[in-house]
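Below is one structure, written out as structure tokens; comments come after it.
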Amino acid sequence: MYLSRLMLNLRSRQVRTDLADRYEMHRTLLNAFPESLPHDERVLYRIEQGTLEPIIRVLVQSQVEPDWDSVPRLRNRYLLDDPEVRQIDVQVTNNERLRFRLQANPTVKRDGKRHALYADDVLLAWLQRKGDQHGFSVGPLDTQIAKLGKKHGKRRQQVWHAVQFDGVLTVTDVTSFAEAIQTGIGSAKAFGFGLLSIPYANI
């Protein structure tokens, strides 16, 4: 897999447009990839804001190597620096404890619709269920929950409630865990949610 880091220029009007609309950000990032991707490809990304200074970066994970030079929008002061790209490989063992970060759109499906989850204990339970499905476990003392508010798409017609989980997980099933790293966790993966990062992914 490949992991890219893009440092965004907040003075760019196109950057501000993409940050305000996850659908537009999705379109911008996919321009770095072939129109026809492998059936099992899942391009995941996460938008992060610096804690000590007003810097916005986007992490993009893919199986296909991206060609950022081919993205027209990125040529016009969209980035503060050249994209950083490196190849990554998931190598973990059962019972290994790893630091992690996950921005997700935690929901529950009722009456055919997805409903956002809000309470901390409910959010932790959601993450624990996902862990059971995807080969890892987390505990309340090892997990920090930050509610990032509403994120919008298609000119505010779509709304997602963003939650960031940070902490330490324990790998319980290497195969399922590796698949979760590759394909993401939860819903709205095309719109900046679901990328599960562990230490190898820190670039």
Discussion item. I'd like the projected area of region 93-164, averaged over all directions, using the convex hull of its alpha carbons. Report it in nm² with one decimal.
Written reply: 6.0
Discussion item. For GLU179, GLU48, give me the order by solvent-accessible area with a 1.4 Å probe, most accessible first, ignoring ligands, DNA and RNA.
Written reply: GLU179, GLU48
Worksheet item: In whole percent, what relative contact order does the chain give with Cα contacts below 8 Å and a gap of six or more residues?
Response: 29
Item to complete: Determine the order of ARG13, ARG42, ARG57 by accessible area, beginning with the largest, at a probe radius of 1.4 Å.
Response: ARG13, ARG42, ARG57
Fill in: Distant-in-sequence amide H partners of LEU79 (H built 1.01 Å from N, under 5 Å)
ASN9
Item to complete: With springs only between Cα atoms under 10 Å apart, run a GNM on the chain and tell me which of GLN128, GLN182, GLN158 wobbles the most.
Response: GLN158
Worksheet item: Using a cut-off of 19 Å between alpha-carbon atoms, which lysines can reach LYS150, once sequence neighbours fewer than 8 places away in the same chain are excluded?
Response: LYS109, LYS113, LYS189
Worksheet item: How much length is gained on full extension from GLN63 to LEU37, taking 0.36 nm per residue of separation minus their Cα-Cα distance?
Response: 8.4 nm
Response to the item:
Any aspartates and glutamates whose Cα falls less than 12 Å from that of LYS154, other than same-chain ones fewer than 8 residues away, would be ASP18, ASP21, GLU24
Discussion item. So, taking all protein chains as they sit and a 1.4 Å probe, how much accessible area belongs to THR175, in Å² rounded to tens?
Written reply: 110
Worksheet item: For THR93, what accessible area in Å² do you get when you roll a 1.4 Å probe over the heavy atoms of the protein chains, rounding to the nearest 10?
Response: 80
Worksheet entry | Solvent exposure, largest accessible area first (probe 1.4 Å, DNA, RNA and ligands not counted), of ILE55, ILE88 | ILE55, ILE88
Practice prompt. Would you compute, from DSSP H runs of 4+ residues alone, the mean residue ellipticity of the chain at 222 nm, taking -39500 (n - 2.57) per run and dividing by the full residue count, rounded to the nearest 500?
Written response: -6000 deg cm²/dmol
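The values are calculated or read from the model by the stated rules, or taken from the named source; none is laboratory data. Since we're looking at a predicted model, the values are computed, not measured. Accessible surface is based on the protein model in full, side chains and every heavy atom, while ligands, DNA and RNA are left aside. Shrake-Rupley method; radii C 1.70, N 1.55, O 1.52, S 1.80 Å.
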